[in-house]
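Below: one structure, written as structure tokens.
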Amino acid sequence: MSATAPASPTPRVTAPSLRAMKEAGRPIVMLTAYDFHGARLVEAAGVDAVLVGDSLGMTVLGHGSTLPVTMDDMVRATAAVSRACTRALVIADMPFMSYAADYAEGMRNAGRLVAEGGAAAVKVENASAATLDLVAGLTDAGIPVMGHVGLTPQSVNTLGGYRTQGKDVASATLAIADALALEEAGAFAVVLECVPAELAERISSLLTVPTIGIGAGGGCDGQVQVFHDILGLGDFVPKHAKRYADLGAAIATAVAAYADDVRDGAFPGEEQSTHSAPEVLAEVDAVIEGAAAEGDIAEGLLP
Ligand code: KIV
């Protein structure tokens, strides 16, 4: 028997631990993921939190926006990601119109992301009165909520496009008020999307909960990026993203090599094949011959 105690598993990142990271001045690393293997790689690389973003509408499902994403889409993706993550905090997006029409429906839908999807927290966009009520209700019910202000893609039609927000005084003060209201309602963190860096810095110092920036400069308490954007898995790279790999090109090269091998007869080779035992093969051939002699091979082989 070993005299040393087994190493304790790495502790899970939780919603409160993100706040402790802000207090300690440790930048929070968040990345999106939408499936089991992607999430496994993301967690193994050491991110603190995985966001199952409704950006999956564009990155995975091929939609032009996040608006068509359904609760079922989110629950299924969240469950796959949760199965892969043993340490990182899993946060699931509440999709468009899953919480805006009715408070009780919003509560139930968030509950699905936790109970069926295994998420430890959810994210909502904007700071309307209805959203703030929901943030408070969910927090009371034991579901931590991350807010999202600035460019909120579910409001693309009212915002008039995917534009930087908070560039004039009215829109900057609105972003500040929204972030403060979300904190007041109980949000454990707030995403600041596509706002000027100076505004994000001010919001980050006004809030006691962490701010997570995307296109909001380096003054936030953490950063979130979209998996496909930083890994080169799409055609479009947003200004706020940096490509750390070109997996799209690597995949295209690998698939073309596979296609060439199939067409040239180089795949499958010996390594990918199994063989029958000679005595089994001899018997099978005899059965085929017997059936052929009867006239109809398929019928002759039927038991
Ligand atoms: O859906 C998403 O991926 C997001 C992030 C961009 C913050 O909301």
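Derivation of every value follows stated rules applied to the coordinates shown; laboratory data play no part. Quantities reported herein were computed from a predicted structural model and do not represent experimental measurements. Virtual Cβ from ideal backbone geometry, glycine too; neighbours counted across all protein chains shown.
Size descriptors for the chain (Cα atoms only): Rg and Dmax, in that order, 25.8, 90 Å.
Each of I28, A216, A177 was scored by the projection of its Cα onto the charge dipole of the chain, and the greatest displacement toward the positive side belongs to A177; charges sit on the C-beta of Lys, Arg, Asp and Glu.
The value for the range 207-299 of Rg(Cα) / (2.2 N^0.38 Å) is 2.28. Taking Lys and Arg as +1 and Asp and Glu as -1, the other residues whose beta-carbon sits under 15 Å from that of P238 total +1. Summing charges over neighbours of L61, with a neighbour being any other residue whose Cβ is under 14 Å away from its Cβ, gives -4 when K and R count +1 and D and E count -1. For the chain, a simple Cβ point-charge model (Lys and Arg +1, Asp and Glu -1, everything else neutral) yields a dipole of about 1860 debye relative to the Cα centre.
Once the Cα atoms of helix 169-185 and of the chain are each reduced to a long axis, what angle between those two axes, in degrees from 0 to 90 to the nearest 10, is obtained? The two axes meet at around 80 degrees.
Evaluated with a Cβ-only charge set (Lys, Arg +1; Asp, Glu -1), the range 77-116 carries a dipole of roughly 240 debye about its Cα centre, given to the nearest 20.
How large is the dipole of the range 86-183 about the Cα centre if only Lys and Arg carry +1 and Asp and Glu carry -1, each at its Cβ, rounded to the nearest 20 debye?
On the way: 6 positive and 10 negative charges, 61 e Å.
Magnitude of the dipole: close to 300 debye.
Which one, V287, A257, S273, projects farthest toward the positive side of the charge dipole computed for the range 252-301 from Cβ point charges (K/R +1, D/E -1)? So the residue we want is A257. Using the Cβ-Cβ distance between E198 and D72 with R0 set to 30 Å, the FRET efficiency works out to roughly 0.15. If you take all other residues with their beta carbon under 11 Å from the beta carbon of S171, and give Lys and Arg +1 and Asp and Glu -1, the sum is 0.
Ranked from largest, the principal axis spans of the Cα set of the range 25-101 equal 36, 29, 19 Å. Here's the picture: charge each Lys and Arg Cβ at +1 and each Asp and Glu Cβ at -1 in the range 79-152, and of T139, A115, T152 the one pushed furthest to the positive end of that dipole is A115.
Restricting the calculation to Cα atoms, the range 252-301 shows an Rg/Rh of 1.28 when the hydrodynamic-style radius is the Kirkwood one. Coupling constants for the range 250-257 follow from the phi torsions by the Karplus curve (6.51 cos²θ - 1.76 cosθ + 1.60, θ = phi - 60°), and in residue order they are 5, 5, 4, 5, 5, 5, 5, 5 Hz; glycine and proline get x.
What separates the Cα centres of the range 151-184 and the range 192-264 is a distance of 21 Å.
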